[in-house]
1. Being among the small types (Gly, Ala, Ser) and open to solvent by less than 40 Å² (accessible area, probe 1.4 Å) is the filter; apply it to the stretch 39-52 and report the residue that is nearest to the chain's Cα centre (by Cα).
2. So which residues in the stretch 50-67 are out of contact with any helix residue (DSSP H, G or I) (no Cβ under 6 Å at 6 or more places or on another chain) and either without any contact (Cβ under 8 Å) to a residue 12 or more places away in the chain or within 21 Å of Ala162 (Cβ to Cβ) (or both)?
3. Is the stretch 81-94 home to any residue that is touching an Asp or Glu at 6+ places or on another chain (Cβ under 8 Å) and not assigned by the TED database to the domain that holds Thr32?
4. Cβ-Cβ distance below 8 Å, separation of 6 or more or different chains: which pairs start in the stretch 35-46 with a residue that is more than 17 Å from Ala96 (Cα to Cα) and end on one that is of a type outside the set (Asp, Glu)?
5. What are the residue pairs meeting all of these: first residue in the stretch 156-180, first residue in contact (Cβ under 8 Å) with a residue 60 or more places away in the chain, second residue in a helix (DSSP H, G or I) and surrounded by fewer than 13 Cβ atoms within 10 Å (Cβ to Cβ), Cβ atoms under 6 Å, and 6 or more apart or on different chains?
6. Working only within the stretch 14-23, note down all residues that are open to solvent by 60 Å² or more (accessible area, probe 1.4 Å) and either touching a His at 6+ places or on another chain (Cβ under 9 Å) or in contact (Cβ under 8 Å) with a residue 12 or more places away in the chain (or both).
7. For the stretch 24-38, enumerate the residues that are of a type in the set (Gly, Ala, Ser) and either open to solvent by 60 Å² or more (accessible area, probe 1.4 Å) or farther than 18 Å from Met94 by Cα (or both).
8. Among the listed residues Ala70, Ala22, Ala6, which satisfies the condition of being out of contact with any helix residue (DSSP H, G or I) (no Cβ under 6 Å at 6 or more places or on another chain) and of a type in the set (A, V, I, L, M, F, W, C)?
Amino acid sequence: ELPAAAIAAGVVVEIALIGGQAARGVESHFNTATPLDTAVYVVMGATIVASVGLLAWLLARSWRREFDVAPAFAWGIRLGVLLFVVGSFQGGTMNAISGAATGSGPTLPVVRWNLGGDFRVAHFVGLHAIEVLPLVGYATARSHQRGRLQRPLLVVALATTAYAAVLAAAFAFAVAPLLG
């Protein structure tokens, strides 16, 4: 289907641009240091906006269709995509405030993201919902098929609620310094 192919192509473009910037030893996001960096950043932005728009459209269509997978897996996919779209919009929030980090204080190891005032944490959590929640849905569906789990949809609902709470908390920590 054309939208799915376009999304896949968009992901390939994103990975190539991010990898290319990393190979050059420069940041890929919010980098406008040179005309090339600016061009890469603009193409990344346009590509992800188009890809997320198509993904949101496919998500809206999925509410009216049955998937050819177990219901728990289907709901894991739908809810994972939904939170991914939310996380993607948080990327737009970062862009609107001209950068990811607006806070200071303690940081996360390795990535050095601020624990407060930094939208990257929320963006990261939101984006990875597209992997985590479908995996939860798949695992619970398989457990149900094997007779090890009686209510797989409840597990998907609880996992989604917990994941959404973590996403909301990360967003709240990012916004809090802007309000004070």
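1. Our first condition is that a residue be among the small types (Gly, Ala, Ser); within the stretch 39-52, this holds for 39, 45-46, 50-51.
Now restrict to residues that are open to solvent by less than 40 Å² (accessible area, probe 1.4 Å): 45, 51.
Values: Gly45: 14, Ser51: 12 Å.
Among those that are among the small types (Gly, Ala, Ser) and open to solvent by less than 40 Å² (accessible area, probe 1.4 Å), it is Ser51.
2. Within the stretch 50-67, Gly53, Ala60, Arg61, Arg64, Arg65, Glu66 qualify.
3. So the first thing to find is which residues in the stretch 81-94 are touching an Asp or Glu at 6+ places or on another chain (Cβ under 8 Å), and the list is none.
No; the residues of the stretch 81-94 include none that is touching an Asp or Glu at 6+ places or on another chain (Cβ under 8 Å) and not assigned by the TED database to the domain that holds Thr32.
4. From the stretch 35-46, the pairs are Asp37/Gln21; Asp37/Val26; Asp37/Asn31; Val40/Leu17; Val40/Gly20; Val40/Gln21; Val40/Ser28; Val40/Asn31.
5. Note: no pairs meet the criteria.
6. Of the residues in the stretch 14-23, the ones open to solvent by 60 Å² or more (accessible area, probe 1.4 Å) are 15-16, 18, 22-23.
Once the filter is applied, which keeps residues that are open to solvent by 60 Å² or more (accessible area, probe 1.4 Å) and either touching a His at 6+ places or on another chain (Cβ under 9 Å) or in contact (Cβ under 8 Å) with a residue 12 or more places away in the chain (or both), the stretch 14-23 yields only Ile18.
7. Taking the stretch 24-38 and keeping what is of a type in the set (Gly, Ala, Ser), we get 25, 28, 33.
Residues satisfying the conditions are Gly25, Ala33.
8. Numbers: Ala70 fails: out of contact with any helix residue (DSSP H, G or I) (no Cβ under 6 Å at 6 or more places or on another chain); Ala6 fails: out of contact with any helix residue (DSSP H, G or I) (no Cβ under 6 Å at 6 or more places or on another chain).
The conditions single out Ala22.
The values are calculated or read from the model by the stated rules, or taken from the named source; none is laboratory data. Being a predicted model, the structure only gives us computed values, none of them experimental. Here the Cβ is made from the backbone with ideal geometry for all residues, glycine too, and neighbour counts use every protein chain on show. Each accessible area value is taken on the protein alone, full model and side chains, heavy atoms only, with ligands, DNA and RNA left out. Shrake-Rupley method; radii C 1.70, N 1.55, O 1.52, S 1.80 Å.
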